[in-house]
Amino acid sequence: MKILFTSSECVPFVKTGGLADVVGSLATVLAREGHDVRVVLPMYTAIDFSWQQQMEHLLHFDVQLGWRRQYCGVMQLQHEGVTYYFLDNKYYFGRPYVYGLGGDEYERFSFFCRAALNALPLLDFQPDIIHAHDWQSGMVPALLKIQYQHLPFYAAIRTVFTIHNLQYQGIFGIREVQDVIGLGDGLWSADKLEFSGCANFMKAGLVYTDIITTVSPSYAGEITTAYYGERLDGLIRARKKELFGVINGIDTELYDPETDNMIAQTYTADTLGGKAKNKKALQKELALEEKADVPLLAMIGRLTNQKGLDLVDCVLSDIMAEDLQLAVLGMGDSRYTNLFSWAETKYRGKLAARFTMDSALAHKIYAGADFFLMPSLFEPCGLSQMIAMRYGSVPIVRETGGLRDTVLSYNEETKEGNGFSFRDFNAHDMLSVIRRALDFYRNRKDVVETLRKRGMQGDYSWTHSAREYLNLYKKLLKKGSA
């Protein structure tokens, strides 16, 4: 099968969030299965020079964007069986950021979507499937269906569009988008591209793609409701027959406590003494009191309201009144960095916060923590809880999206479960579950040990998820040829 991914980011080249992990990991796994997988990305200045040195210039052409005629170079790089194409235009992507500061995101990613489609005949690559990811690629299915599919080269191509986070939709003025994308007035209606008087790149993908996927089964169900649907729930309900949820995996080679050279001591589910050594090393590095018997709670991720930090803010003094330690790592809203900066001073030796993107420190925290707190308001999938379980850190989560699909709360009657969870978005419900976990830590160490081992022995690889995507691709191609 010939598969093309279009994405605004992808590991190991450029990453701002989980989208990059998904695209890079899934492409690699599909290639290992014997498929011809290629990925189209913007050629950002932010891509490390060591990767840029390995790229080969293949060709260049002009892209028509309304009255603009813009240069597009295509750079190629082979990595782990996948062919990567980088679309080079210094005006759009030669900036010191990946997203957001220029006020012309609609133009940058209109260029990306059109250039990706225009490049295919020149590359002599005719994919069976184009798998577009998130709003930055939302115009790919729309342009293909509206402007390209009548051409013989594009006629048989089918599309899959994956929602990684419905909250970010790419909403801009209609006139501005129309000026660069060249779509007629008749397409800017409520049943097509118009959204509350604006243009919406996410909606464009949802309306025109053949299949919609989300990154967890529970999130697929949640976004059909008004609470989670971000004002697109009506459209998503209308396309429910074409909607599928496929849980993400993680890179089980990168996140492996048995071989991880970033942590103080490697360990396995059968040698958990190594985890205790990592806890001691982490306490020392973060200037926490070096106490082996005090439970260490961790949070790693973007510091935003999506991650449930409003709940933490509400009961932080109650949490810190417990005999525990808290380690926080992430970047985000000033409200939360100010909160944890203040708390680090107030609870010196009990709470440590680092506001940075530090992969090595993240590995150390996963390895050293006893519990991992993730009380998200909503969570399309979540990778952190799976990484935490891989390292034997027991998750405490809210039952939403991918957290609900991956963490089962411990049941004292049946002895089932791999963590602790609460249902309602309520600070005191969260506090109650934290206290429950601490009670087991102090009085039922055998239960915590069991949960650690279950977490570490879980299968979080991409193998199963990749097969689900392949089944969707095959179903789509079979339907298209019928």
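The values are calculated or read from the model by the stated rules, or taken from the named source; none is laboratory data. Only a predicted model underlies this, so the values are computations on that prediction, with no experimental measurement involved. Using ideal geometry, Cβ is built from the backbone for each residue, glycine included, and neighbour counts are taken over all protein chains shown.
Couple of notes before you dig in:
- Only residues that are in contact with a strand residue (DSSP E or B) (Cβ under 8 Å, 6 or more places away or on another chain) and surrounded by fewer than 24 Cβ atoms within 10 Å (Cβ to Cβ) were counted across the range 353-370, and they come to 8.
- Any chance S432 is free of Cβ contacts under 8 Å to residues at least 60 places away in the same chain, hydroxyl-bearing (S, T, Y) and in a helix (DSSP H, G or I): yes
- Flag if K241 is free of Cβ contacts under 8 Å to residues at least 24 places away in the same chain and farther than 22 Å from D459 by Cα: yes
- In the set F93, F111, F86, only one residue is aromatic (F, W, Y), crowded, with 16+ Cβ neighbours inside 10 Å and touching a Ser or Thr at 6+ places or on another chain (Cβ under 8 Å); that residue is F93.
- Taking strands (runs of 3 or more DSSP E) as the structural unit, those lying wholly within the range 136-248 and holding at least 1 residues that are closer than 24 Å to V39 by Cα correspond to 158-163, 198-200, 211-214, 243-245.
- Selection from the range 338-352 of residues that are of a type in the set (K, R) and touching a strand residue (DSSP E or B) at 6+ places or on another chain (Cβ under 6 Å): K350
- Candidates G417, G455: the one that is more than 23 Å from I319 (Cα to Cα) and either assigned to a helix (DSSP H, G or I) or hydrophobic (A, V, I, L, M, F, W, C) (or both) is G455.
- Any hit, the range 20-41, residues being among the acidic types (D, E) and over 20 Å from the mean Cα position of the chain (by Cα): yes
- Considering residues of the range 141-162 that are of a type in the set (A, V, I, L, M, F, W, C) and within 20 Å of the chain's Cα centre (by Cα) only, the residue surrounded by the most Cβ atoms within 10 Å (Cβ to Cβ): F161
- Residue count for the range 253-279, restricted to those that are crowded, with 16+ Cβ neighbours inside 10 Å and of a type in the set (D, E, K, R): 4
- All positions within the range 83-109 that are touching a strand residue (DSSP E or B) at 6+ places or on another chain (Cβ under 9 Å), more than 25 Å from E56 (Cβ to Cβ) and hydroxyl-bearing (S, T, Y): Y106
- Checked across the range 344-351, the condition of being surrounded by fewer than 22 Cβ atoms within 10 Å (Cβ to Cβ), within 22 Å of A437 (Cα to Cα) and free of Cβ contacts under 8 Å to residues at least 60 places away in the same chain holds for at least one residue.
- Complete set of residues in the range 338-354 that are outside any strand (DSSP E or B) and either not hydrophobic (A, V, I, L, M, F, W, C) or not assigned by TED's automatic domain parsing to the domain that holds L309 (or both): N338, S341, E344, T345, K346, Y347, R348, G349, K350
- Comparison of G100, G73 shows that the only residue that is at positive phi and in the same structural domain as N471 (by TED's automatic domain parsing) is G100.
- Whichever residue in the range 114-139 is more than 24 Å from the chain's Cα centre (by Cα) and among the polar types (S, T, N, Q) and, among such residues, is surrounded by the most Cβ atoms within 10 Å (Cβ to Cβ): N118
- Filtered residue count, the range 12-32, keeping only those that are under 20 Å from I247 (Cβ atoms) and outside any loop (DSSP other than H, G, I, E, B): 14
- Positions within the range 42-58 being under 24 Å from the mean Cα position of the chain (by Cα) and either closer than 15 Å to P127 by Cβ or of a type outside the set (S, T, Y) (or both), in sequence order: P42, M43, A46, I47, D48, W51
- Test: M299 is buried (at least 18 other Cβ atoms within 10 Å of the Cβ), at pLDDT 95 or above and not in a loop (DSSP other than H, G, I, E, B): yes
- Unique residue being out of contact with any Ser or Thr (no Cβ under 8 Å at 6 or more places or on another chain), surrounded by 15 or more Cβ atoms within 10 Å (Cβ to Cβ) and part of a strand (DSSP E or B) when the list is L288, L311, L326: L326
- Strands (runs of 3 or more DSSP E) lying entirely in the range 33-115 (those with 2 or more residues that are among the aromatic types (F, W, Y) and more than 28 Å from I174 (Cβ to Cβ)): 82-88
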